[in-house]
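Everything on this sheet refers to the single structure shown next.
Coordinate-derived values only; no laboratory data. Just so we're clear, the structure is a prediction, and the values are computed from it rather than from any experiment. Glycine gets a Cβ as well: all are built from the backbone with ideal geometry, and neighbour counts include every protein chain shown.
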Amino acid sequence: MSTKTLATLSAVFGFIALLALLTSSGGVAQGAAPSGGTIPYSGQLSDELGQPVADGAFALRFELYDSAQGGKLLWSETQSGVVVTGGTFTTQLGRVAALPASARADGLWLAVSVRGPGEADFTLLNPRQSLDTAIAAAPASPAAASVCDHDHFGETWSGALDAWNAGLEVETTSESSTGIRGIANNVAGFDVYGVEGESTHGTGVSGSSLDGTGVIGYGGSGIGVYAHSNIGGTAIAIDGIIRVQDAAINSATPVFIHKVNTAAGGNLCASQAYSTVIDNFITNNQPNAILIVTPNYGSNTSGVGPAIGIPAVFYDAANTCGKGNNKWVIYNLNGAAQINNSMFNVIVVLP
């Protein structure tokens with residue numbers, strides 16, 4: 001929908017009442033949360049012909065007053081990116097700014113303003129809505145409002161969704177918080193997955209972040225994140241930077257830096273000055289591992305790495321280098337001797 005059309009719609013939003021589709025007969029669902037919690041809220045936006053507005057991400061501003069007109073502003077918040085599909089939306093009051101204790105009181109009124117895609121200003125929707133007296137019966141604590149009275153183990157939810165919609169969407173605005181976390185305890189003899197995503201033609205698991213981490217998986221003896229795709233599909237698609245946390249010199253991570261130590265007792269191959277032995281938890285005893293090795297040219301203070309030749313790797317199962325069996329070795333194809341403190345970037349993929 002064009003910006004011009006949206007501007008026209010905004011002019012009549014005040015005459016098209018925001019149709020509240022709430023779970024109670026009043027303005028707020030039964031069991032609304034008190035101060036610090038959230039209140040479930042859903043509604044419908046229509047144009048001047050009574051038709052649902054075009055799908056998109058809208059901005060909504062909510063304000064609580066102590067009277068139907070004028071009065072004292074008690075609380076407000078602005079929510080960006082509220083998804084409107086078929087004219088309807090669902091959100092939580094209080095997910096951006098904490099609700100005040102007065103949200104439990106009777107006689108409060110909710111004002112809603114909307115800003116459509118491409119619009120510069122908000123348009124107030126009239127009239128204000130009276131908050132249901134059910135707020136007075138809210139749970140005694142925010143935590144009580146958010147706890148479901150039963151678990152969902154073994155349940156399967158299915159249904160048809162429009163394009164770009166999500167079967168389950170969790171949004172968090174708190175710093176260093178997690179929208180969805182999957183934790184799997186180890187079961188001996190079995191693979192255990194924290195999160196598993198499988199899709200025939202869509203996306204199994206999708207994670208998005210502006211400047212944080214979209215998806216993070218921790219795996220001990222199990223698997224943190226498992227992605228599966230049939231032949232011709234894509235198991236993992238990444239749009240952005242790939243970063244391995246805590247990667248450093250000889251760190252036990254799938255990406256690490258190997259530093260050459262030519263001193264006695266170091267990691268230089270005893271019989272080959274052009275070879276250096278990797279002694280790392282990730283690569284030891286892994287003959288089928290795939291290693292990708294590149295020179296690290298930030299190895300010295302000048303920013304230009306020393307001449308470390310053309311690196312290649314082999315698996316030393318028979319301890320030909322004298323540094324122990326079943327370790328990987330980096331060697332220079334051109335026979336150039338390894339230089340002390342020179343470094344290599346190592347990427348490890350285990351089949």
Quick one: length gained pulling K72 to S206 fully straight, 0.36 nm per residue minus the C-alpha distance?
44.0 nm
What order do you get for 242-248, 45-51 when each peptide is scored by the mean count of other beta carbon atoms within 10 Å, highest first?
45-51, 242-248
Please work out how much length the chain gains when fully extended from I242 to A59, using 0.36 nm per residue of separation minus the C-alpha to C-alpha distance, in nm with one decimal.
62.7 nm
Estimate the FRET efficiency between T85 and A270 by the formula 1/(1 + (r/R0)^6), using the beta-carbon distance for r and 51 Å for R0, to the nearest 0.05.
0.15
